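Heads up: the structure comes next, in structure tokens.
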Amino acid sequence: MSSNASIKDVAAAAGVSVATVSRVLNSHPSVSPDARTRVLAAVESLGYRPNAVARSLRTDQTRTLGLVISDVLNPYFTELARSVEEEARALGYSVIIGNADERPDLQDHHVQNLLDRRIDGLLVSPTDGGSPLMLDAARTGTPMVFVDRWIPGVDVPVVRSDGRAAIRDLVGHLHRLGHRRLAIIAGPAATTTGSERVDAFREALAPYAIELPDAYIGQGDFQADSGRRVTEGFLDLPEPPEVVFAADNLMALGALDAIRARGLRVPHDIALAAFDDIPWFVHTDPPITAIAQPTKDLGRAAVRALVDRIEGRTPASVTLPAHLVVRHSCGEPSEPRTSTERSTR
């Protein structure tokens, strides 16, 4: 098998023209089944690999997608990126990933770099809502899909999860356990997920006549250090909360560090819950009650929506439900079950 085979070698081995080989490689429908079979067999036997750069110059496509995620160290985004890469590969695309590290300037650096590389489409989880670069890219027709987060008012499909029902489930669960003083470590207000989760938490408290005072709202940035800092502030209050709900997993781990640094125990001294379940949470002591997003499904749906845009179709936005996973960090007395499991019994 030779890795230096040319398209002319494939045509000769298959007994067809170079043009026919090109049509087969580009999935053109005009090729007969017999010719397609012979060409693919010749490609396999010769080990032919088309030159991606040359092909992009002919077709104006690179078969490459760009993905800019908010924080590669966050296990949620790591899993999302993996799902995106797997689905893209299945559809014949490669993925170039940029890590914004929750910084708008670094996000725009990656977006510009990806556009300069002539990617076919762009997946972005925006770090804020005011990037002129992304707004301009969307207006000028760059195929784009927002995933997890979005920029309100921009006409771009959004693939995300809806955590409102799961947050209602969490608050109801905490109320049944007897908790009344509930605090939240919020994400950045400039992100849609940051503001949405605080609003959903406040709304979920209303039916139980539980207020959310300003002192029980801590401003974080989806990083562990902010979870630690905010929780220290909660613990210094004259009347600390009974529960800390962290609006993402890294802030929850920071909160756990702060609680343990004070010599306190979860859930005996203070309860802890988190948005964005991760595999680590089953290994903490105690395992952490959390809201899980359908991360793999979000990644797959985002890629399919972007490929639809690239190929001229108009995909609809996709919203998938999150769900509560009950463990033992809030004083649960029984075996853990997910809200989905409870609803089916």
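Using the rule -39500 (n - 2.57) for each DSSP H run of four or more residues, divided by the residues of the chain, the 222 nm mean residue ellipticity is -13000 deg cm²/dmol.
The charge dipole of the range 247-286, taken about its Cα centre with unit charges on the Cβ of Lys, Arg, Asp and Glu (plus for the first two, minus for the last two), comes to roughly 220 debye.
Each other residue within a Cβ distance under 12 Å of ASP277 adds +1 if Lys or Arg and -1 if Asp or Glu, for a net charge of -2. Computed packing ranks the peptides 240-246, 303-309 as 240-246, 303-309, most packed first, by mean other Cβ atoms within 10 Å.
How large, in Å, is the range 62-152 by the Kirkwood hydrodynamic radius built from its alpha-carbon pairs? Don't skip to the answer; put the middle values down first.
Numbers: mean 1/r = 0.0772 Å⁻¹.
Computed over Cα pairs of the range 62-152, the Kirkwood hydrodynamic radius comes out at 13.0 Å.
Compute the signed sum of charges (Lys and Arg +1, Asp and Glu -1) over the other residues within less than 15 Å, Cβ to Cβ, of ARG228. Taking every Cβ under 15 Å from that of ARG228, the sum is -3.
In order along the range 216-226, the Karplus-derived 3J(HN,Hα) couplings, from 6.51 cos²θ - 1.76 cosθ + 1.60 at θ = phi - 60°, round to 9, 10, x, 8, x, 9, 6, 10, 4, 4, 5 Hz, and Gly and Pro are given as x. Placing pseudo-labels 7 Å out from each Cα toward the beta carbon at ARG82 and ASP225 gives an inter-label distance of 2.7 nm. For the range 197-272, the alpha-carbon coordinates run over 34, 24, 19 Å along the three principal axes, in decreasing order. Within the shell defined by Cβ-Cβ distances under 14 Å, the residues around GLY15 carry a net charge of +1, with Lys and Arg each +1 and Asp and Glu each -1. Between the amide H of VAL318 and those of VAL158, VAL159, ARG160, distances stay under 5 Å, these residues lying 5 or more places away or on another chain, with hydrogens modeled in the peptide plane. This model, with +1 at the C-beta of Lys and Arg and -1 at the C-beta of Asp and Glu, gives the chain a dipole about its Cα centre of some 1260 debye.
In the range 276-316, Rg over Rh equals 1.31, where Rg is the alpha-carbon radius of gyration and Rh the Kirkwood radius from pairwise Cα distances. Which percent of Cα-Cα pairs in the chain sits in each 10 Å bin, short to long? Result returned by the calculation: 5, 23, 26, 19, 13, 8, 5, 1, 0. What a 1.4 Å probe finds exposed on the range 87-198 is 48% carbon and sulfur by accessible area, rounded to a whole percent.
Using the 1.4 Å probe convention, the accessible area of the chain works out to 47 Å² per residue with neighbouring protein chains retained. Our estimate of slack between LEU133 and ARG265, defined as 0.36 nm per intervening residue step minus the Cα-Cα distance, is 42.9 nm.
The values are calculated or read from the model by the stated rules, or taken from the named source; none is laboratory data. Since the structure is predicted, the reported quantities are computational estimates derived from the model, not experimental observations. Cβ coordinates were reconstructed from backbone atoms using ideal geometry, including for glycine residues, and neighbour counts include every protein chain displayed. Note: accessible area is taken over every heavy atom of the protein model, side chains too, but ligands, DNA and RNA are not part of it. Shrake-Rupley method; radii C 1.70, N 1.55, O 1.52, S 1.80 Å.
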